[in-house]
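No lab work stands behind these numbers, since they all come straight from the coordinates. As the structure is a prediction and not an experimental result, all values here were calculated from the model. So basically every Cβ, Gly included, is an ideal-geometry build from the backbone, and we count neighbours across all protein chains shown.
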Amino acid sequence: MSKMTLKTEGDRYVVVTRKFLASPEAVYRAHTEPQLIQKWMLGPDGWTMPVCINEAKPGGKIRFEWSDGKGNGFYLTGEYVELKPYNKIAHIERMHLPDPTPDNHIETRFDSDGSGTLMTMRMTLPDEKTRAAMLATGMEHGMEASYVRLEGLIEAEAAKNASA
Amino acid sequence: MVNLDTTFRALADPTRRAILARLAAGEATVMELVKPFALTQPAISQHLKVLENAGLIIRRVEGTKRPCRLAQEGVAEIDDWLAMLRKALAKNYDRLDEILACMETKKGRRKT
């Protein structure tokens, strides 16, 4: 079962979509209330978020700290730009690995979809240095050979099949 | 080291994507690429230069020819990062499904 899609948009963005069997209000709250965020925004198994500061208002501060319980950890800071309950969140974030990565501008939308919610998240594609730093942290832990292809290559493949 | 911006700029052009699709079928010389694309040799050479700088193709010397083939490394590098992101997010959202199920149950109880 794969409810999530992840693809590149042009040369600057990554767009992720995911459906949830809950109201936009519930999904929005799970993205903005610290005690809820701490329960799911954890990445690979084994990681926890001991610190979660999340001031859900324009200009409000964000600080998430992750730990793998074995002395490894990293943190993220950010600021809220705009919040439209229960429909849209715009915020800026950066990882500290420990050097701060360039600002990532993220827009998350929650739209009614039947009895559930379609979430669409659009984020800045990190540059090569940032990517390398992110891969070097514990985040790649247990990475499986899941295959994500660039939109361009899928198109190229389709063109090849069409001409064959 | 391959720069991601350079790679995406290289992939943004439909002719260059078509050249990559052709090279996926095997090595080719500039002259072999000129024919199907109805472009001049300098135009194809220019596209190949962009693809080479982006680390997407590799050219070798064979007499007076310089055949091109796909370089797997450039593409694999971006795939690695996207795969990491996909895995972390998929895990997060599976957890979120459970949280949301709990929230809905509580709300249901409150109503009754």
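Side notes on the structure shown:
- For chain B, size of Cβ-based charge dipole, Lys and Arg +1, Asp and Glu -1, in debye: 520 debye
- Of the cross-linked pairs A:7/B:91; A:7/B:107; A:3/A:129; A:39/A:88, those separated by over 23 Å at the C-alpha level are A:7/B:107; A:3/A:129.
- Placing a pseudo-label 7 Å from each Cα along the Cα-to-Cβ vector at residue A:115 and residue A:21 gives an inter-label distance of 0.9 nm.
- Ranked by how many other beta carbons lie within 10 Å on average, peptides A:92-102, A:34-44, A:17-27 from highest: A:17-27, A:34-44, A:92-102
- Selection among B:44, B:12, B:83 by position relative to the dipole of chain B gives B:83 as farthest towards the positive end (Cβ unit charges, Cα centre).
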